[in-house]
Amino acid sequence: MECFIGETEFRIGQPTAVTIGKFDGRHKGHQKLLGRMLEFKRRKGLKTAVFTFDMSPITRISGTVQKVITTNQERRDNMAKMGIDYLVEYPFTSDVIHLPAEEFVREILIGKMNARAMVVGTDCGFGYQRSGDAALLKKLSGKYGYDLEVVVKEKDCQRDISSTYIKEELSKGHVEKANQLLGQPYAIHGIVVHGNHVGGPVLGFPTVNIIPPEEKFLPPFGVYVSRVLTGGRYYGGITNIGEKPTVEKNSPVGVETFIFGLDEDLYGKTIEVQLLNFERPERKFDSLEQLKEQLERDKEYGLSYLDKENVLC
């Protein structure tokens, strides 16, 4: 996949099928849009291209960090997994904020992204003050010579599947429900860093640690059954999200995972930790011995869950 990150002076040379949006979570609704684009690729030989911004418009306008289910890097990873050909993360500048809707279509989608087909949701919005919508794209399709498909939103029990809905479920610790809406496990990607080295030598539970960026939306602090992708293979594990209050003070929020059946140095490597089930809240223990006893119970819980659900494939 070729990425244009923060660039305004580019042009995709091959004809494309384009979609636009934030794609936070790449949930079932997003997958429906992307699947329709891939159909254009199969039927008409068009390359697939996704337009999004390099940061949340709310973050840019308000100056406060908008929490996201998938970070920019995670979105790139997800799009590459799906076989998308081009990803454009356009800079959200004053110029693009004030760009009229038709100019956005003509200059960016047609002029820079070489769109010959567009796939959008019924609620799409673009251009100055979101004045552009699916109806305008339909009106302009004859003028600019592109095919248009408008995709109806996916629903769950009469409610639209959205990033907001998924965040609500995650905030309650309802990981399995969030994963159902996502159509895939909620995941945290990151580079393995050194921790406090207590897990292995002291507790007998060697772990890998990643530090999520500030904008990453996290579920409640606690212990989760997880699935870890590394080296093209999935491994089961138990993951603690939080501040490790028993062994550290004022530590950064981290994602610490004990991986079942993997004895390998992962420092400096990128892994993907997928959460499958919420076991218990994070808590502070009176001693390391109490923590170790609880970790043994966590391990048993995780192995039992993974064996029952058969998710390591």
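For the reader, a short list of remarks on this structure follows.
- Selection status of residue 301, touching an Asp or Glu at 6+ places or on another chain (Cβ under 7 Å), of a type in the set (Ser, Thr, Tyr) and over 12 Å from residue 222 (Cα atoms): yes
Residue-by-condition table, conditions (1) touching a Gly at 6+ places or on another chain (Cβ under 7 Å); (2) touching a residue at least 40 places away in the same chain (Cβ under 8 Å); (3) surrounded by fewer than 21 Cβ atoms within 10 Å (Cβ to Cβ):
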site: 37; (1), (2), (3): no, yes, no
site: 44; (1), (2), (3): no, yes, yes
site: 47; (1), (2), (3): no, no, no
site: 59; (1), (2), (3): no, yes, yes
site: 77; (1), (2), (3): no, yes, yes
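- When the test is whether a residue is part of a loop (DSSP other than H, G, I, E, B), surrounded by 14 or more Cβ atoms within 10 Å (Cβ to Cβ) and of a type in the set (D, E, K, R), residue 244 passes it.
- Screening residue 174 on (1) at pLDDT below 95; (2) more than 28 Å from residue 91 (Cβ to Cβ) shows it passes everything except condition (1).
- Number of positions in region 265-289 that are touching a residue at least 24 places away in the same chain (Cβ under 8 Å), open to solvent by 30 Å² or more (accessible area, probe 1.4 Å) and of a type outside the set (Ser, Thr, Tyr): 10
- Close Cβ contacts (under 6 Å, 6 or more residues apart or on different chains) running from residues in region 1-17 that are at positive phi and assigned to a loop (DSSP other than H, G, I, E, B) to residues that are modelled with pLDDT under 95 and charged (D, E, K, R) comprise 6/54.
- Top-ranked residue in region 142-167 [being free of Cβ contacts under 8 Å to residues at least 12 places away in the same chain and in a helix (DSSP H, G or I); ranked as surrounded by the most Cβ atoms within 10 Å (Cβ to Cβ)]: 143
- Of all the numbered requirements in (1) more than 30 Å from residue 190 (Cα to Cα); (2) open to solvent by less than 50 Å² (accessible area, probe 1.4 Å), residue 71 misses one, and that requirement is (1).
- Region 1-29: number of residues that are among the charged types (D, E, K, R) and open to solvent by less than 30 Å² (accessible area, probe 1.4 Å): 2
- Identity of the residue in region 99-139, over 22 Å from residue 46 (Cα atoms) and among the aromatic types (Phe, Trp, Tyr), that ends up least open to solvent (accessible area, probe 1.4 Å): 126
- Set 48, 59: member being among the hydroxyl-bearing types (Ser, Thr, Tyr) and outside any helix (DSSP H, G or I): 48
- Tally of residues being under 25 Å from residue 168 (Cβ atoms), small (Gly, Ala, Ser) and at pLDDT below 95 across region 198-243: 1
The values are calculated or read from the model by the stated rules, or taken from the named source; none is laboratory data. Quantities reported herein were computed from a predicted structural model and do not represent experimental measurements. In this analysis, Cβ positions are derived from the backbone assuming ideal geometry, glycine residues included, and neighbour counts consider all displayed protein chains. Note: areas computed on protein heavy atoms with side chains; ligands, DNA, RNA excluded. Shrake-Rupley method; radii C 1.70, N 1.55, O 1.52, S 1.80 Å.
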